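These notes concern the structure reproduced below.
The values are calculated or read from the model by the stated rules, or taken from the named source; none is laboratory data. Quick caveat, the model's predicted, so the values are computed rather than measured. Neighbour counts are summed over all protein chains in view; Cβ atoms, including those assigned to glycine, are modelled from backbone coordinates with ideal geometry. Remember, those area values only see protein heavy atoms, side chains included, never the ligands or the DNA or RNA. Shrake-Rupley method; radii C 1.70, N 1.55, O 1.52, S 1.80 Å.
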Amino acid sequence: MEKSLIILKPDAVQRGLIGPILTRLEARGLKFIGIKLSQVSSELAHKHYGVHEGKPFFAGLVSYITSGPVLVVAVEGKDVIEIVRSTVGATNPVKAAPGTIRGDFGVNIGRNLIHASDSPENGEHEVALFFSSEELIRSERSVDQWITE
Ligand code: IDP
């Protein structure tokens, strides 16, 4: 079982795209185990995006992710890293395929709407960074047998 942290970034929230984006993730069959509206602090932004520190876009990235409320979502399941990344599309919306979230809703790399963990290790780490264990809810879905064999 993998976990993925998904963040609907401030532009997605401000543009009223929470519903359309969650609809796509939910319709794919993903199981949500945590979901909340949150204001990312500068400290948390530095932790989450630490790997990009020193890059030319880092200051802008921190200011972007802290610029307004975000919707933070944790999903769990087999292959969720790849499933979510392929639904989200390429980092740069200019290059993202139509049919992906970034390819359908975005036009600029600095406003690419959504974050998704890029490896199982980062998924575990990022979910733990944004959610306490009490905030993660696991339950059986009767529909699961119609989604996976
Ligand atoms: P990812 O979000 O698709 O995993 P990363 O390369 O990990 O992409 O970059 C993290 C985030 O940093 C991107 O989602 C985007 O918001 C921002 N970013 C990456 N490259 C650039 C850039 O060249 N200009 C502005 N922002 C960038």
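In this view, the solvent-accessible surface of residue 44, computed with a 1.4 Å probe and all protein chains in place, comes to about 40 Å². Between residue 58 and residue 143, the simple spin-label model (points 7 angstrom out along Cα→Cβ) gives 4.2 nm. For the chain, the fraction of 1.4 Å probe accessible surface lying on carbon and sulfur atoms is 55 percent. Measuring nothing but alpha carbons in the chain and taking Rh as the Kirkwood radius, the Rg to Rh ratio lands at 0.95. Compared with the dominant Cα axis of the chain, that is its longest principal axis, helix 120-130 is turned about 70°. Charge tally around residue 113: other residues with Cβ under 11 Å, Lys/Arg +1 each, Asp/Glu -1 each, net +2. Distance between the C-alpha centres of segment 1-62 and segment 109-149: 11 Å, rounded to the whole angstrom. When Rg is the radius of gyration of the Cα atoms in segment 65-141 and Rh is its Kirkwood radius, what does Rg/Rh come to? Taking Rh as the inverse mean 1/r over Cα pairs, Rg/Rh reads 1.00. Taking 23 Å as the limit for the C-alpha separation, the pairs 31/55; 3/47; 9/47; 9/36; 9/95 exceed it in the case of 31/55. Is the shape of segment 107-149 rounded, prolate or oblate, going by the alpha carbon gyration tensor and its root eigenvalues a ≥ b ≥ c, with a/c under 1.5 for rounded and a/b larger than b/c for prolate? Here segment 107-149 falls in the oblate category. Structure remark: mean-square fluctuation, Gaussian network model of the chain, C-alpha springs under 10 Å; the largest value among 130, 32, 57 belongs to 57.
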